[in-house]
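**Student:** Quick one: the structure is below, and I'll ask about it shortly.
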Amino acid sequence: MTGDAGTGYLRLDDLEVVRVEVEWRPLKGRLPSGASGVSHIVDKYVDRLGAKAKKAGHTLHVERNVRFLEDGALPDKDIETFTWDADYRAINLAWQCKTCNRIGLVRVFSKLNEDVSDAARRLMRSLRDHAEEGKQVWAVYGLICNIPEDFRLEEQFLRSGHIRLSFKRRKKEELHVERIGPASLILKEAERLQGWFEPFFKKALKDYVCVYTDGDIRGHRGFRVEGSPRSLLWRILKPTLSRMRRSVYLKGCVWVCKESNRIFVVRAVSKDRNSTVAEAVAAEVVCHNNE
Ligand SMILES: [Zn+2]
Ligand SMILES: [Zn+2]
């Protein structure tokens, strides 16, 4: 993935081929309004595609204005769905959003002998391209969270046993949402959640004196952690640059979701010792189907 909420590109591959590509950007200049605006985007795209195919010696078969989604599937967008076949097939959706004025294109690829229509429909119906109520939905491999829209994605760590999305707000405030599993295996060894958490997050916790409070989070067993900066004296004795930093506070919510067999960790670092962002984001993480 490259880019951000404004302009970007996302690609998903399986072991063999590219499966999905999504591009989006703000509309610059003017388009004819209504559906004709979108068909104008598709015209240009299909022209370029045709030229490329010709160069590569492929025969391209394009079908425009395919009725692929039901009416009103994306109520705030003008859309055109179209398909093309060459040595493989692509189902495409071009859109222009009436709310945020972004334009974009989703492509779902399949081999000629595969039918991926249902999956493509589900994906296209779920398309969201702007924040709602000040929050941006971030979803990756089933980890779904609502992040205040002024946080920007800074880093992503994607392993099957550990997913982390890291965000920053105005360079000073950090937010990390993590999913780690399988919980049954991890907690068999560590016995207690906190007993696992402390060594696992040793590096992130090293500048803080932490207080833990057991509690219920998202209907699951878990705890909250609050970290205050270690005393200045302690830091002066340490030959690190960290003493140059201003005091920041850590807040986190950690819980085990039995249903999905994963551990969830939402933590924030802020100069504001009363920051509630970790709590607010944790309250809306979808850990199993508790949306
Ligand atoms: Zn939009
Ligand atoms: Zn859960």
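The values are calculated or read from the model by the stated rules, or taken from the named source; none is laboratory data. Here the structure is a predicted model, which is why all the values come from computation and not from measurement. For neighbour counting, all protein chains shown are included, and Cβ atoms are generated from backbone atoms with ideal geometry for every residue, glycine included. Note: accessible area is taken over every heavy atom of the protein model, side chains too, but ligands, DNA and RNA are not part of it. Shrake-Rupley method; radii C 1.70, N 1.55, O 1.52, S 1.80 Å.
**Student:** Could you work out the helix-only [θ] at 222 nm for the chain, with each DSSP H run of four or more residues adding -39,500 (n - 2.57) and the total divided by the number of residues, to the nearest 500 deg cm²/dmol? Don't jump to the answer; show the numbers that get you there.
**Tutor:** On the way: 7 runs with 63 residues, N = 291.
Roughly -6000 deg cm²/dmol at 222 nm, from the helical runs in the chain.
**Student:** With a bin width of 5 angstrom, please list the P(r) values of the chain as percents of all Cα-Cα pairs, from the 0 bin to the one holding the largest distance.
**Tutor:** Binned Cα distances yield the sequence 1, 5, 10, 13, 14, 13, 11, 10, 8, 6, 5, 3, 1, 0, 0.
**Student:** Could you give the length gained on full extension between residue 9 and residue 155, defined as 0.36 nm per residue of separation minus the Cα-Cα distance, in nm?
**Tutor:** Numbers: separation 146, 0.36 × 146 = 52.56 nm, distance 1.54 nm.
My answer for the length gained is 51.0 nm.
**Student:** Turning to a different aspect of this structure: Starting from 0.36 nm per residue, how many nanometres of slack lie between residue 191 and residue 48 once their C-alpha separation is accounted for? Can you show the working numbers first?
**Tutor:** On the way: separation 143, 0.36 × 143 = 51.48 nm, distance 5.88 nm.
Length gained, residue 191 through residue 48: 45.6 nm.
**Student:** Sticking with this one: Restricting everything to alpha-carbon atoms, can you work out Rg to Rh for the range 76-222 with a Kirkwood hydrodynamic radius? Spell out each step's value before the answer.
**Tutor:** Details: Rg = 20.5 Å, Rh = 19.1 Å.
Ratio value, two decimals: 1.08.
**Student:** Among 96, 194, 136, determine the one that fluctuates most according to a GNM of the chain built with springs between C-alpha atoms less than 10 Å apart.
**Tutor:** 194
**Student:** Another one. Gaussian network model of the chain, Cα springs within a sub-10 Å range: biggest mean-square fluctuation belongs to which of 94, 204, 278?
**Tutor:** Highest fluctuation among the options: 204.
**Student:** Something else: What percentage of the solvent-accessible surface of the chain, computed with a 1.4 Å probe over protein heavy atoms, is contributed by carbon and sulfur atoms? Don't skip to the answer; put the middle values down first.
**Tutor:** Details: 8720 of 17180 Å².
Its accessible area is 51 percent carbon and sulfur atoms.
**Student:** To continue, here is another question. Kindly report the accessible area of the chain per residue (heavy atoms of protein chains, probe 1.4 Å, no ligands, DNA or RNA), in Å².
**Tutor:** 59 Å²
**Student:** For the pair residue 228 and residue 63, what calculated FRET efficiency results from E = 1/(1 + (r/R0)^6), where r is the Cβ-Cβ distance and R0 = 51 Å, to the nearest 0.05? Walk me through the numbers before you get to the answer.
**Tutor:** Numbers: r = 62 Å, r/R0 = 1.22.
Rounded to the nearest 0.05, the efficiency is 0.25.
**Student:** Quick one: longest stretch of the chain between exposed loop chymotrypsin sites (Phe, Trp or Tyr not before Pro), exposed meaning at most 16 other C-beta atoms within 10 Å and loop per DSSP?
**Tutor:** Details: sites that count: 88, 141.
That gives 142-291 as the longest site-free run.
**Student:** Continuing with the same structure: In a Gaussian network model over the chain where Cα atoms closer than 10 Å are linked, find which of 268, 73, 53 has the largest mean-square fluctuation.
**Tutor:** Highest fluctuation of the listed residues: 53.
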